[in-house]
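Derivation of every value follows stated rules applied to the coordinates shown; laboratory data play no part. Computed from a prediction, not measured in an experiment: that's the story for all the values here. Here the Cβ is made from the backbone with ideal geometry for all residues, glycine too, and neighbour counts use every protein chain on show.
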Amino acid sequence: MCWAFSGQNTAVSQQVAGDFKPNPWVLGGDFGIGFSSFGSNILVSPQLGYKITPRWEAGLRLTYNFYSFKDAGLKYSSHNYGGGLYTSYDIYKGLFAHVENELLSYNRHRMNNIGTINKDRILIHSFFVGGGFKQYFTANSYASLMLLYNLNETFDTPYQNPMFRIGFGFGL
């Protein structure tokens, strides 16, 4: 099981007093970690976004993933990296829609017929759609729960559908 923590900073609504305008830049990201008797999975995914409107955000995400696996005397690990674009839109009272497009350089492992592991690096394209709910504590801090589905899932995709993220965001 892998938990991902999100640091996206969005506000439900912001009131502008006089000439004051809130900073439209958003810094955040995800961190995930998972351990089992078969291995471990660590994910770090920082992001930089821009508030196009108070309810609509778009930005760039980077992704680094370390994955290790051991079973029946075989051990391997891989370093996967990439990035992509995302956008999210606050629909109504904490409900939001989310879309991501990611290109990941993935170290694929396959067992051959003599029991050894072949490695090759491939590019994986994932297109995530979904949404979730944000519980705001202040205008700029919240906890969120997101459900995403990869519309481009293949045998080699490193993510399993659906993907859950539990997140927290704090104002800058």
Would you mind ranking 165, 55 so that the residue whose beta carbon has the fewest other beta carbons within 10 Å leads the list?
55, 165
Please compute the modelled spin-label separation between residue 155 and residue 78, points set 7 Å along Cα→Cβ, answer in nm with one decimal.
1.4
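Highest first, please rank the peptides 118-125, 96-103 by the mean number of other Cβ atoms sitting within 10 Å of their residues. Before the final figure, lay out each step's value.
Working: 118-125: 11.6, 96-103: 18.0.
So the order, starting with the most tightly packed, is 96-103, 118-125.
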Be a star and scan region 71-105 for residues whose amide nitrogen sits under 16 Å from the point 7 Å along the Cα-to-Cβ vector of residue 127.
84-87, 98-104
Along the Cα→Cβ direction, 7 angstrom out, place labels at residue 52 and residue 105. What is the inter-label distance in nm?
3.0
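Working out 0.36 nm times the residue gap between residue 27 and residue 143, then minus their Cα-Cα distance, what length gain in nm do you get to one decimal? Please report the intermediate quantities before stating the final value.
On the way: separation 116, 0.36 × 116 = 41.76 nm, distance 1.55 nm.
Separation in residues times 0.36 nm, less the Cα-Cα distance, equals 40.2 nm.
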Under 5 Å between amide H atoms, partner at least 5 residues away or on a different chain: which partners does residue 85 have, H built in plane at 1.01 Å?
61, 101
Nearest-0.05 FRET efficiency for residue 87 and residue 166, computed from C-beta distance (R0 30 Å):
0.90
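Just order 78-84, 25-31 by mean Cβ neighbour count inside 10 Å, highest at the front, would you? List each step's numbers first, then the result.
Values: 78-84: 16.4, 25-31: 18.1.
The most tightly packed comes first, giving 25-31, 78-84.
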